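Bear in mind that the values in this text are calculations on the coordinates, not laboratory data. This is a predicted model, so every value here is computed, not measured. Quick reminder, even Gly has a Cβ in these numbers, built from the backbone with ideal geometry, and neighbours come from all protein chains shown.
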Amino acid sequence: MKGSPILGSVIIGLLLLSLAYTAASVYTAMGVERKPEAFREYALTKPRLVGEVVHVQFDMTVKRGGVNMSFVEDAGLLYKIIVKGNNIPEPSISYTQMDGVLAVKVFAEEGEFEVILGSGQVYSLAVEVGVGGVSVRLTEDSTVDSLKLHVAYLGGTSLEALEGASFNRLELRANTGGIRLKVERPNLQENALVSARVEVGGIQLESFTLTPPAGGRLTALVDTGGIALNSRGFQVVKSTALESEIRTPGYEEAPTRLDVDLQVGVGGIAINQPYSLGFP
Amino acid sequence: MGFLSKLGGTLIEPIHTFDRMLDEGASFLGALAAVALIFGILGGMAGMGIAKLAAAFFASTGPWLGGAVFPQAAVQLFFIFPIALGVLSFVCVLLFWLISSAISHFCARVVFGGEGSFAQVFTLQGYAATPFFLVAVGLALGWLNLFLLPYAAFLGLTAVFWTVLLLVIAVERSHRISFGRAFVSAFVAPLLVYLVLFTGLTWAAPLMWGGFWG
């Protein structure tokens, strides 16, 4: 029995050693203890250009990754692109300037991009992602003529047009994935259109509100699947499992109108539904 | 007799160690501590492995999701899975230990006329799980190098056979019955009960399913 306490200690020691070694291996393998993420920044401001810029055509393509776009109150800023991540290939960024129009082209194989745009000019934006996600937030600092978001293969798009945001045409496309939309009392200068289409997947319209006297109309169409509609103060013109239309009272006479057109091939559309309900 | 002596003695001199524990009227709390330590650590290690797999999945889907999920989720997974599986593993083993001891005791006492008590069988069978520390060592070897996995399998098998042997000795010493009768009580009877339960559930599940969905 002399060796028993020693053997008992060895057992406990081996158990703790095994646990510590496994923890260290997994911790390292999982990359929890990673190097801090690198940031690279590419920015263009008006003082760096000769001549005036009143319109920016911003065209961005990312094959794999994410784009997060927002606006700030800075009349001199044309764009700022922040690339996050280690070992991310250098994106290609070029621009040309002619007659007050600045055309910017961005191409990247992969990466996570933060795009910040200024408030001193009108933007025409086109963002295409092969596989990944795009998120755009329009606020009172944004003046957008047109916005096209396209997920070519797989992924999601999120668009928030919040109070005071000014735009004419917003177009969202996703092949397989989802689109999340939020339209809350935008600043409509003229009749505007929001169009969203998903081939396979779903569209969630979280909220759709307008500031009177602006009028709004929403049409939703699903080829195979269903629509979950909560009209929330809108007049229901049509409501079936596959097709819905709602309008604000006095839509026809409204001085400015916003039309929202939602289409899904296979999947569902949820309008003003709590997120947990999901699609029908 | 200290805790470490009981653990070490169970492995190298089980008959002598179990007899001394019976004489001293050893409390089941020591056995409970041994089971909690061994299976808590084993569950934690298994949880780390699952966390690693889950993190690898998130890492591969991260770029698709715009890099939003990894590595923030990985940090949480690293802590959640091992803790959850450590606790779950201990609770499941505790339940299994309780039921198996009850069956062993019932068989030894009622069928073979043993003279031990349930507390004695329960306590000794708890210490009988000591060889399972070898499984933890095997898992660590697997993390060290995948080529060492056959050794991990060998350690796992050794742990199982060694534990079965100790379970039988535990019943033999506590009930003072022959080794063959103790083997039937500690191994054959519980296994038979689990097999009957499993077969019954397999037969009953479709009927219950049919009853529910009709």
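Which helices count as membrane-span-like in chain B under these terms: full DSSP H, at least 27 Å along the axis by C-alpha, Kyte-Doolittle mean of -1.0 or more?
Working: long enough: B:28-61 (48 Å, 1.82); B:72-106 (52 Å, 1.94); B:149-175 (39 Å, 1.46); B:189-213 (35 Å, 1.37).
Qualifying helices, which must be both long enough and hydrophobic enough, are B:28-61, B:72-106, B:149-175, B:189-213.
Which whole number gives the average count of other chain Cβ atoms within 10 Å of the Cβ atoms across peptide A:106-118? Working shown, then result.
Numbers: counts 0, 0, 0, 0, 2, 3, 5, 2, 0, 0, 0, 0, 0.
The mean count of partner-chain Cβ atoms within 10 Å per residue comes to 1.
Take peptide B:130-141, look around each residue's Cβ out to 10 angstrom, count Cβ atoms belonging to other protein chains, and average those counts.
4
For B:His16 and A:Leu17, FRET efficiency with R0 = 35 Å and r from the beta-carbon atoms, rounded to 0.05? Display every interim value, and only then the final one.
Details: r = 28 Å, r/R0 = 0.80.
In this case the efficiency is close to 0.80.
With N denoting the number of residues in segment B:1-43, provide Rg(C-alpha) divided by 2.2 N^0.38 Å, to two decimal places.
Working: Rg = 10.8 Å, N = 43, 2.2 N^0.38 = 9.2 Å.
In units of the 2.2 N^0.38 Å rule of thumb, it is 1.17.
Show me, bin by bin at 5 Å from 0, the whole-percent P(r) of chain A based on Cα pairs.
Result, from short to long distances: 1, 5, 11, 13, 14, 13, 10, 8, 6, 4, 3, 2, 2, 2, 2, 1, 1, 0, 0, 0 percent.
Take peptide B:12-18, look around each residue's Cβ out to 10 angstrom, count Cβ atoms belonging to other protein chains, and average those counts.
On the way: counts 4, 4, 0, 0, 2, 2, 0.
That works out to 2 on average.
Classify chain B from the C-alpha gyration tensor, please: rounded if a/c falls under 1.5, else prolate or oblate depending on whether a/b exceeds b/c. Please list the in-between numbers first.
Working: a/c = 2.52, a/b = 1.53, b/c = 1.64.
It is oblate, given that a/c is not under 1.5 and a/b is not larger than b/c.
What residues from segment B:151-179 fall in the zone where the backbone N is under 11 Å from a label point 7 Å along the Cα-to-C-beta line of B:Glu115?
Residues B:175-177 qualify, since their backbone N sits under 11 Å from the label point.
Just to verify a number: FRET efficiency for A:Thr28 and A:Arg137, C-beta to C-beta distance, R0 = 30 Å, to 0.05? Walk me through the intermediate numbers first.
Working: r = 37 Å, r/R0 = 1.23.
My answer for the efficiency is 0.25.
Between 0 and 90 degrees, rounded to the nearest ten: what's the tilt of helix A:4-29 against the longest Cα principal axis of chain A?
30
Mind listing the long-range amide H neighbours of A:Val67? Cut-off is under 5 Å, sequence gap 5 or more, other chains count too, H placed in the peptide plane at 1.01 Å from N.
A:Phe113, A:Gly133, A:Val134, A:Ser135
Working out 0.36 nm times the residue gap between A:Thr45 and A:Ser146, then minus their Cα-Cα distance, what length gain in nm do you get to one decimal?
Values: separation 101, 0.36 × 101 = 36.36 nm, distance 2.14 nm.
Working it through step by step, the gained length comes to 34.2 nm.
Does segment A:112-255 come out rounded, prolate or oblate by the C-alpha gyration tensor, with a ≥ b ≥ c the root eigenvalues, rounded set by a/c under 1.5 and, if not, prolate when a/b is larger than b/c and oblate if not? Please list the in-between numbers first.
Working: a/c = 2.30, a/b = 1.09, b/c = 2.11.
Note, shape of segment A:112-255 comes out oblate.
So how far apart, in nm, are the two label points at B:Leu95 and B:Leu32 if each is 7 Å from Cα heading toward Cβ?
Those two pseudo-labels are separated by 1.8 nm.
Where does the charge balance sit around A:Ser195 when Lys and Arg score +1, Asp and Glu -1, over other residues with C-beta under 13 Å from its C-beta?
+2
Please compute the modelled spin-label separation between A:Val10 and B:Val188, points set 7 Å along Cα→Cβ, answer in nm with one decimal.
A separation of 3.5 nm, rounded to one decimal place.
For a paramagnetic label modelled at 7 Å from the Cα of B:Val160 toward its Cβ, which residues of segment B:84-118 fall within the zone defined by backbone nitrogen distances under 11 Å?
Taking a point 7 Å out along Cα→Cβ of B:Val160, no residue of segment B:84-118 has its backbone N under 11 Å.
Say R0 is 45 Å: what FRET efficiency, to the nearest 0.05, do A:Val72 and B:Val196 get from their beta-carbon distance? Working shown, then result.
On the way: r = 71 Å, r/R0 = 1.57.
Rounded to the nearest 0.05, the efficiency is 0.05.
In Å and on Cα atoms, what radius of gyration and Dmax does the protein assembly as shown show?
Considering the protein assembly as shown through its Cα atoms, Rg and Dmax are 33.7, 104 Å.
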